[in-house]
Structure formats: structure tokens, C-alpha cells
Amino acid sequence: GAETLVRLRGSDHVLVPPLLFVPLAAELGLLGQLTEQVIHQACAAAACWRATGGPRWVSVNAPPSWLTPHAPDYLTDRLAAYDLPGAALTLEVTEDESMNIDATQAAVLSDLRGAGLLVAIDDFGTGYAGLGSFRSLPADLVKIDQSFVAAMLDGDDDTALVRSILDLVHRFGKKAIAEGIETPEPYATLAAMGCDYAQGYLVGRPVPAGQMATTPFCLPSSANPREDDRSGSPR
């Protein structure tokens, strides 16, 4: 799988991060158009990757303000235009944003899941939603924030905290993605805990969409799971 990272290239050709231009887009009422442009490009890239042996699915951020009754029709049309199954697309909502999901938006997410799309809670652990996001947001995946993964190297208490998060995720019938894995040590620890997926520089660094299918993404041999234990290992 792959996550969509959006950057704006300025007139000086320097890449502008989303923390700078997304709030401006929201202020100008352009966030919906930006979201749909990202989804359009992500679907186009996913179709190309599937034809050339690249990632089988791609995730995009979905701001709650875009989750209107219009969203399912738009997404269905985009998937059909590129002959993609629903499972080729994952919508991510941050934990902070999940606190603002209303009943109509939650119903839209449920409809999308019914069409085969996946929903992920992003940056879990950094906001204040906590258990509330599990109860109110129809989601399939929970992305454990990279700050927790980094803290695992500091001591047993932080490792126990991540283990507790994983137990919670699995108890609610969801799968976990650990973010920010950069070295084999946390990967091995998370694999032993039964984490489902890994994301981070250990697996691969960000690349332009056109280079994705030809860029090798793999784990060092010291971090590869045993052949008979892949179901419980991050990948």
C-alpha cells in the first residue's frame, strides 16, 4: 500500500508542506476541490500501479467537511473510471478530526465502507478522542502515531503503552498500522506484538507517484518475518 503525500510547488520550485497550504485552502473554501483533485490523482496512480506491479491500494486524507452525501457518488465514479475495486482506496480521518464527525458524516463513511472502501483513524494517540473515536467512527484501520513508535526505544513503559494500544485496536476488531518505523528494532518489537502493518523509512521513503512502481520497497533481512508467521507481522 501507499499513502498520498500532497505538496505544493512554489514559484521558486521549493515544495510547500500541507501544514502551510491546507489551512489556507480551508479558509478560502477550496478544501473540497483540493480533496477531490487529490483523490482523482490517487486513483489514476493506483490504476497505473496495479497494471505495473506496484502498490495495490492507496490512502488519502478525507476532511470531515468533505464527507457530504455527494462523496459516495464521487468516489464510486472515480473508482469506476479507473476500473478499481473499492479496496484500492483508503480514506484517512485524523483522531482530532474524528471528534467533529457528525451523524451525517459518519453515515457517509458507513456507506463508503459498504462499497468496499476502507476507513482509517490517523495519528491515533495524539488527540483527545481516544476511546470516543472507536465508538463513533466506522473505521477498519488505526494508525499509531510515530511519536509512540519512537518512544518505544526509551523504555519499557512506552513499549507497554504501544502494546496496550494494539490490544485495544484488535479488541475492537480493527487492524493497526505503526507509523514512523525507521530502524529494524521497533519493527521487530511490533512484529512480536502482532502489529498488522508497518509504515516508515525502513520500508521506503517518499517518491513521486510516477516512480512508485519501479522503486523497491522492502525490509532488511534482519527484520523480515518468518515465512510461517506473516499474518501477524507488519508489512
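The values are calculated or read from the model by the stated rules, or taken from the named source; none is laboratory data. Because the structure is predicted, anything quoted here is derived from the model rather than measured. In this analysis, Cβ positions are derived from the backbone assuming ideal geometry, glycine residues included, and neighbour counts consider all displayed protein chains. What goes into the accessible areas is simple: the full protein's heavy atoms, side chains included, and nothing from ligands, DNA or RNA. Shrake-Rupley method; radii C 1.70, N 1.55, O 1.52, S 1.80 Å.
General observations
- Separation between Cα centres of region 46-65 and region 141-185, rounded to whole Å: 24
- Remark on residue 89: its backbone amide H falls under 5 Å from those of 58, 118, a criterion applied only to residues 5 or more positions apart or on other chains, H modelled at 1.01 Å from N.
- Taking only alpha carbon atoms, region 8-118 gives an Rg to Rh ratio of 0.98, where Rh is the Kirkwood radius.
- Just checking the listed ones, 65, 11, 98: in the Gaussian network model of the chain with Cα springs under 10 Å, the one fluctuating most is 11.
- Charge dipole (debye, nearest 20) of region 1-83; +1 at Cβ of Lys and Arg, -1 at Cβ of Asp and Glu: 240
- The charge dipole of the chain, taken about its Cα centre with unit charges on the Cβ atoms of Lys, Arg (+1), Asp and Glu (-1) only, comes to about 640 debye.
- FRET efficiency, 1/(1 + (r/R0)^6) with R0 25 Å, evaluated for residue 170 and residue 36 via beta carbons: 0.15
- Sequence-distant residues sharing a close amide H with residue 61 (under 5 Å, placed H): 92
- Under-5 Å amide H pairs with residue 176, H placed in peptide plane, nonlocal only: 142, 196, 197
- Taking every DSSP beta bridge that has both ends in the chain, the antiparallel portion is near 10%.
- The ratio of the alpha-carbon radius of gyration of region 1-53 to the globular-protein estimate 2.2 N^0.38 Å is 1.32.
- For region 73-113, the square roots a ≥ b ≥ c of the C-alpha gyration tensor eigenvalues yield an a/c of 1.5 or more together with a/b exceeding b/c, which makes the shape prolate.
- The chain, helix-only ellipticity at 222 nm - DSSP H runs n ≥ 4, -39,500 (n - 2.57), divided by all residues, nearest 500: -12500 deg cm²/dmol
- Residue with peak Gaussian network fluctuation, the chain [Cα springs, cutoff 10 Å], from 64, 85, 17: 17
- Using θ = phi - 60° and Karplus 6.51 cos²θ - 1.76 cosθ + 1.60, couplings along region 21-27 (whole Hz; Gly, Pro as x): 9, 5, x, 5, 4, 5, 5
- Förster radius 30 Å - calculated FRET efficiency between residue 102 and residue 211, Cβ distance, rounded to 0.05: 0.15
- Each residue of region 78-95 was assigned a 3J(HN,Hα) from its phi angle through the Karplus expression (A = 6.51, B = -1.76, C = 1.60, θ = phi - 60°), giving 5, 5, 5, 4, 10, 6, 10, x, x, 5, 6, 10, 10, 9, 10, 10, 5, 4 Hz with x at Gly and Pro.
- Accessible surface computed residue by residue for the chain, with neighbouring protein chains in place and a 1.4 Å probe, gives 53 Å² per residue.
- Diagonalising the gyration tensor over the Cα atoms of the chain and scaling each eigenvalue by 5 before taking the square root yields semi-axes of 28, 22, 19 Å, largest first.
- Accessible surface of region 26-184, 1.4 Å probe: 51 percent of it comes from carbon and sulfur atoms.
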